[in-house]
4 protein chains.
Amino acid sequence: MLYFENDYCEGAHPAILQKLTETNFEKVSGYGTDPYCASAREKIRAACACPEADVQFISGGTQSNAIVIASMLQRWQGVVAAATGHVAGHEAGAIEYTGHKVITLPQHNGKLDAAELRALVATFYADDNHDHMVFPGMVYISHPTEYGTLYTKAELEALHAVCQEYKMPLFLDGARLGYGLAAEGTDVTLADLARLTDVFYIGGTKVGALCGEAVVFPHGAPAHFMTMVKQQGALLAKGRLLGIQFDVLFTDGLYFSISKNAIITANRLKAGFAEKGYRFFMDSPTNQIFLVLENAQLAALEGKAKFGFWEKFDDTHTVVRIATSWATRMDEVEALIDLM
Amino acid sequence: MLYFENDYCEGAHPAILQKLTETNFEKVSGYGTDPYCASAREKIRAACACPEADVQFISGGTQSNAIVIASMLQRWQGVVAAATGHVAGHEAGAIEYTGHKVITLPQHNGKLDAAELRALVATFYADDNHDHMVFPGMVYISHPTEYGTLYTKAELEALHAVCQEYKMPLFLDGARLGYGLAAEGTDVTLADLARLTDVFYIGGTKVGALCGEAVVFPHGAPAHFMTMVKQQGALLAKGRLLGIQFDVLFTDGLYFSISKNAIITANRLKAGFAEKGYRFFMDSPTNQIFLVLENAQLAALEGKAKFGFWEKFDDTHTVVRIATSWATRMDEVEALIDLM
Amino acid sequence: MLYFENDYCEGAHPAILQKLTETNFEKVSGYGTDPYCASAREKIRAACACPEADVQFISGGTQSNAIVIASMLQRWQGVVAAATGHVAGHEAGAIEYTGHKVITLPQHNGKLDAAELRALVATFYADDNHDHMVFPGMVYISHPTEYGTLYTKAELEALHAVCQEYKMPLFLDGARLGYGLAAEGTDVTLADLARLTDVFYIGGTKVGALCGEAVVFPHGAPAHFMTMVKQQGALLAKGRLLGIQFDVLFTDGLYFSISKNAIITANRLKAGFAEKGYRFFMDSPTNQIFLVLENAQLAALEGKAKFGFWEKFDDTHTVVRIATSWATRMDEVEALIDLM
Amino acid sequence: MLYFENDYCEGAHPAILQKLTETNFEKVSGYGTDPYCASAREKIRAACACPEADVQFISGGTQSNAIVIASMLQRWQGVVAAATGHVAGHEAGAIEYTGHKVITLPQHNGKLDAAELRALVATFYADDNHDHMVFPGMVYISHPTEYGTLYTKAELEALHAVCQEYKMPLFLDGARLGYGLAAEGTDVTLADLARLTDVFYIGGTKVGALCGEAVVFPHGAPAHFMTMVKQQGALLAKGRLLGIQFDVLFTDGLYFSISKNAIITANRLKAGFAEKGYRFFMDSPTNQIFLVLENAQLAALEGKAKFGFWEKFDDTHTVVRIATSWATRMDEVEALIDLM
């Protein structure tokens, strides 16, 4: 079986397991106050060229989204997101569970458009009755998006400008950030994110870690953030588990080099599929490929290759997602191209 | 000044004030257990031809929406509403504050379409990952809608059928229900609502009362509803205030006869505006009229007539709402037609 | 039947009903922006000798408590209250429903002790792990308390001092405030409350109004308070209902003069009961009297007098509450003394 | 430095790291649907002698508490706990954040008393106004308790009987369950817990795992539990991380054998301290020892041994917690006895 269903089907980069093993019997303090967390924080600050940043480690993506949003919004505010944003549709209402509305805008290849964002906010404040409405209080984007697409630096700058103008924090979900930074043709760097957002996270779960996201607040975390993390049940007693993983990932650029593997393998797949005349649902420069397959062909692949079901395309076609990762081997890639 | 901004600018029907005064020194029990609440419940059950219905009185519309929805949804469920539904946009996030998502569908003259509702739910359950999503657990409609439009009985039956099929309660917000029932051409009666919905409310605040909505559960209220009302801060100690008002409104058909006044006056206005060539933004059979006015004309009316600002139409035009009510006098109507 | 069960069994002071009737057809703007609300605010500010105060009207006590607390606490904070405080035990978890803990301290005749409060907060901050705990962020007291007792000015000053020291707002629930201010021997005035608390409310529901509490913020309301009121479902469209009532109550000192009636009638009852040798459960200077009755006697009174059941005293005795109000007549009082 | 501050200062049992490494590149499905989770579930069911149990893995203790409680309580219910229960005091209000009250009873060596529980519930339902109060809907106990003490089987049976009588689920927090089961003199087994509770968890974080608790529902989990886990942000994409750990811990009785080490080392410490005349704050049969130390002695130990600060005892004494774990070595123990 060729397994391309998602980018979290393997464990962790071996260097992580090795470090967990080496440090296993060291006695360290809990709740993220250990030296590995401290070291990882320092390395991440350096990688972001943002020495003043606060860095906090949280176990997973939905948890990071819910905690960041709930800790930064005021009660009368909601978070603006693309209609296809992960927080809008695929987190079982985790944001609403914290009492906040997700205000949606149309997506364009999975992305928010700065002009539409400005129009939304301007219209909101122009409404006589806006005291009866949810205030747009924060903007959520993902990079790569749910469709594997990327913002350009200019697009991020435009969003940043609107957010600054209306004093809304800009939050970037980087669950697959490594793959975004490693993509060909992108002009966006970690330092750009530290400059252009108010909070973003560097995804570990899908980029080489067993679990964990590094949440970066370039201008500092909200007051009592740790207590809010605890209140949402997300403060790990053995914080070392997250600290060690990110310490390894940010040693000698490991995060970036392993991310590159996902891009190289994805690019080879895309070239192979294109050669064979497959139809792409959307053009994506990162590690997720969306193909429109005939249902008959999809049925024939059952038991031979495993893809992610994305959505029904029409009565006879289905959109599937094919994902590579830091761990995908080129022989698997070639086998899949041969198979299809 | 001719005041047509909304339908809650006057106090209450005089018969209500008179009854409040007559009964003022009677000593009755609190929290909705008094004889006036009991009598009002009985009269409402009779008016709905639904002797088994539970009837509960709540002070206002947003409160009723938040309480009904939060008490009937399970934690993993959200409420489906038109994008223009009051709960979706004009209640400051009251539904999300209780932890639930409002799942929106496009509106058609303010209304939900049963086929689109069925498609939404069918697509939801077809999604492999629907355990990661908010379950559509209830359907919210308003009648009249925010645009003053009305469902036909056939449309309600179609929505009812989808809701039954997918075991989703159907909730009808009747903040202006009297005006909907009194409209010309409607084929929907109170008894139809009791038959076709799982919960609806009969609006008092906008139809002759000082405050109050009568929430009707044709098949019974959720267990411990009173405790949930208390928990949301909405249990009035002097429940008589609501009971007496609805007892008066449902004596000798007062609710229906005073609603008729809003329709008659609105119809006269519509005829007058049509005669003068005004442009209607939307055709509405109830007590709200939406006109597209030139900004210059709107400015000229300042200080002479007061309308509700609805939305910007284009750079030189504005949509205004002109509302009549149970209390609107025909001389005001004629004066407005003359003025414009 | 002699009805002394509570202080909300009658309607409103007749002057309120008269004013509601007189102003009934005036067309005014909604949501608390009408001239009667403005006038009532002005009169209340004057009565509090606090010209800068924000005054907001809310329908009832539990709602006021939930809204004030939820709008003033940060997410990591809870509210400190006596174990017998209304918010701690008799509001169906309305505070917790907004996400906040009620942190309890022992009661002393229903009151918080300033030294115990200081000890609680000092111990909290001395705990190494207090980041894992709910921060004491606000203090809730009631005056009169649930037992009808009153703070002295010195006691309020002591609580105020602790609150100032630890930057915790002091919130005083005045559901029965009129009866507290009118009690014999009290040295606390409205102006004292405006000086010593950060927010308090002047109860209307139990002191002459049909419904409504006037929430006074001596130093200003929290930002976007109106939106939070809306979000909790408590913004009445016809705000006039509350404005007119408080405008009447604060015209010519009506609030104070009608409160006096409850004290005079309660004092006559206490004298009568004492003369007959009844046992008082607690000494209370306001409108609530707590007697320890033999169960047999209580049974004998059934159908003749109605009291509030308070709690079981022992196997053969019960504590009952006997309440007077602005509306209690002296002939009822004498009849009850005769009966018992 | 001799580190006895807590039982989560080391990493994981080496067999866990080895298994994580061995299985690292196996491609498995996400969100707890992998074969390791399945295998771990089966082994836990066997260990509990409860083949019908649902077993779910969650990252940590506070998260488990918040998720279990919020998913099993109805909105009008709260959870009953000892005043010293972890959910009552040390989780930053995580339960209240989900909208539920923690109803406290006095603790007796950290434990709830069944008779007091019955009295609480009986009194609740005897109150005429209990519809205005939070219903006791669930009972939370911990075993070992926060003081390291244990329930006897008879005590659990008594609590179980009250819970059955009043239809309240009994929930046992087993963050340190291994140490409770391995204690000398206990008559409680895993099978007893499956028989006497409605949900309990087997703590991993403090008993050999990097993170993770196995939540066991002997009679099945609440409907849509997975969606609620996702909604609270706790569904790990790489569920294997938890499954593999518990699979290892429940292979060949590892969980029990490593727990024994904590007991043996704690017992040696207790004997040593007793011999030297130390004063025990409380007698505890598990891995936590509470000593009353003179502040001067505590200061002298600074830099040599690290204990947990528990609470101030009096002006010159402090209560400290000394914890052993699965990883504590006897040479450390002897060194500590020598030092003190």
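The values are calculated or read from the model by the stated rules, or taken from the named source; none is laboratory data. The shown structure was predicted, so the numbers you read here are calculated from the model rather than taken from an experiment. Cβ coordinates were reconstructed from backbone atoms using ideal geometry, including for glycine residues, and neighbour counts include every protein chain displayed.
Listed here are the residues, each with its yes/no results for (1) out of contact with any Ser or Thr (no Cβ under 9 Å at 6 or more places or on another chain); (2) in contact (Cβ under 8 Å) with a residue 40 or more places away in the chain; (3) over 17 Å from A:Leu336 (Cβ atoms).
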position: A:Gly277; (1), (2), (3): yes, no, no
position: A:Phe280; (1), (2), (3): yes, no, no
position: A:Leu293; (1), (2), (3): no, no, no
position: A:Leu298; (1), (2), (3): no, no, no
position: A:Lys304; (1), (2), (3): yes, yes, no
position: A:Thr316; (1), (2), (3): yes, no, yes
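Within the range C:244-278, being closer than 19 Å to C:Asp7 by Cα and of a type in the set (D, E, K, R) holds for C:Lys260, C:Arg268, C:Lys270.
None of A:Ala83, A:Ala154, A:Ala122, A:Ala114 is away from chain D (no Cβ under 14 Å) and more than 20 Å from the chain's Cα centre (by Cα) except A:Ala122.
Considering the range D:157-203, and only residues there that are within 14 Å of another protein chain (Cβ to nearest Cβ) and farther than 17 Å from D:Thr328 by Cβ, the residue that is nearest to the chain's Cα centre (by Cα) turns out to be D:Ala175.
Of all residues in the range A:227-242, exactly one satisfies the criterion of being of a type in the set (A, V, I, L, M, F, W, C) and more than 9 Å from chain D (Cβ to nearest Cβ), namely A:Leu242. Among the residues of the range C:138-163, those identified as over 18 Å from C:Ala182 (Cα atoms) and among the β-branched types (Val, Ile, Thr) are C:Val139, C:Ile141, C:Val162.
Check the range D:212-225 and report whether any residue there is assigned to a loop (DSSP other than H, G, I, E, B) and within 24 Å of D:Lys260 (Cβ to Cβ).
First, pick out the residues of the range D:212-225 that are assigned to a loop (DSSP other than H, G, I, E, B): D:212, D:218-224.
Now restrict to residues that are within 24 Å of D:Lys260 (Cβ to Cβ): D:212.
Yes: one or more hits.
When the range D:315-340 is limited to residues that are charged (D, E, K, R) and touching a strand residue (DSSP E or B) at 6+ places or on another chain (Cβ under 9 Å), the one that is nearest to D:Ile258 (Cα to Cα) turns out to be D:Glu332. Tally the residues that are more than 14 Å from chain C (Cβ to nearest Cβ) and touching a helix residue (DSSP H, G or I) at 6+ places or on another chain (Cβ under 7 Å), restricting the search to the range B:67-77. Result for the range B:67-77: 1. If you go through the range D:282-304 and keep only what is of a type in the set (A, V, I, L, M, F, W, C), under 14 Å from D:Glu5 (Cβ atoms) and modelled with pLDDT under 95, you end up with D:Leu298, D:Leu301. Residues of the range C:111-141 that are closer than 25 Å to C:Gly203 by Cα and either of a type in the set (Lys, Arg) or touching a residue at least 60 places away in the same chain (Cβ under 8 Å) (or both): C:Lys111, C:Gly137, C:Met138, C:Val139, C:Tyr140, C:Ile141.
Might you check whether a residue that is of a type in the set (S, T, N, Q), over 23 Å from the mean Cα position of the chain (by Cα) and more than 9 Å from chain C (Cβ to nearest Cβ) occurs anywhere in the range B:21-34?
Of the range B:21-34, the ones of a type in the set (S, T, N, Q) are B:21, B:23-24, B:29, B:33.
Cutting the leftovers down to over 23 Å from the mean Cα position of the chain (by Cα) gives us B:21, B:23-24, B:29, B:33.
If we keep only those that are more than 9 Å from chain C (Cβ to nearest Cβ) as well, we get B:33.
Within the range B:21-34, one or more residues are of a type in the set (S, T, N, Q), over 23 Å from the mean Cα position of the chain (by Cα) and more than 9 Å from chain C (Cβ to nearest Cβ).
Please indicate, with yes or no, whether at least one residue in the range A:276-291 is among the charged types (D, E, K, R), surrounded by fewer than 18 Cβ atoms within 10 Å (Cβ to Cβ) and under 25 Å from the mean Cα position of the chain (by Cα). Spell out how you get there, then give the answer.
The first filter runs over the range A:276-291 and keeps only residues among the charged types (D, E, K, R), leaving A:276, A:279, A:283.
With the extra rule that they be surrounded by fewer than 18 Cβ atoms within 10 Å (Cβ to Cβ), the set shrinks to A:276, A:279, A:283.
From what is left, the residues that are under 25 Å from the mean Cα position of the chain (by Cα) are A:283.
Yes.
Criterion applied to C:Gly99, C:Gly89, C:Gly110, C:Gly137 was being under 30 Å from C:Gly239 (Cα atoms) and modelled with pLDDT of 95 or more, and the one residue passing it is C:Gly99.
Applying the criterion of being touching a residue at least 24 places away in the same chain (Cβ under 8 Å) and away from every other protein chain (no Cβ under 14 Å) to the residues of the range D:47-66, the residue that is farthest from D:Gly204 (Cα to Cα) is D:Glu52. Do we find a residue being more than 14 Å from chain D (Cβ to nearest Cβ) and surrounded by 24 or more Cβ atoms within 10 Å (Cβ to Cβ) anywhere in the range A:94-107? Within the range A:94-107, one or more residues are more than 14 Å from chain D (Cβ to nearest Cβ) and surrounded by 24 or more Cβ atoms within 10 Å (Cβ to Cβ). Do we have any residue at all in the range D:222-238 that's surrounded by fewer than 24 Cβ atoms within 10 Å (Cβ to Cβ), in the same structural domain as D:Thr62 (by TED's automatic domain parsing), under 24 Å from D:Ile141 (Cβ atoms) and not hydrophobic (A, V, I, L, M, F, W, C)? Yes; the residues of the range D:222-238 include at least one that is surrounded by fewer than 24 Cβ atoms within 10 Å (Cβ to Cβ), in the same structural domain as D:Thr62 (by TED's automatic domain parsing), under 24 Å from D:Ile141 (Cβ atoms) and not hydrophobic (A, V, I, L, M, F, W, C). Scan the range A:317-332 residue by residue and report those that are hydrophobic (A, V, I, L, M, F, W, C) and surrounded by fewer than 21 Cβ atoms within 10 Å (Cβ to Cβ). Of everything in the range A:317-332, those that are hydrophobic (A, V, I, L, M, F, W, C) and surrounded by fewer than 21 Cβ atoms within 10 Å (Cβ to Cβ) turn out to be A:Val319, A:Met330.
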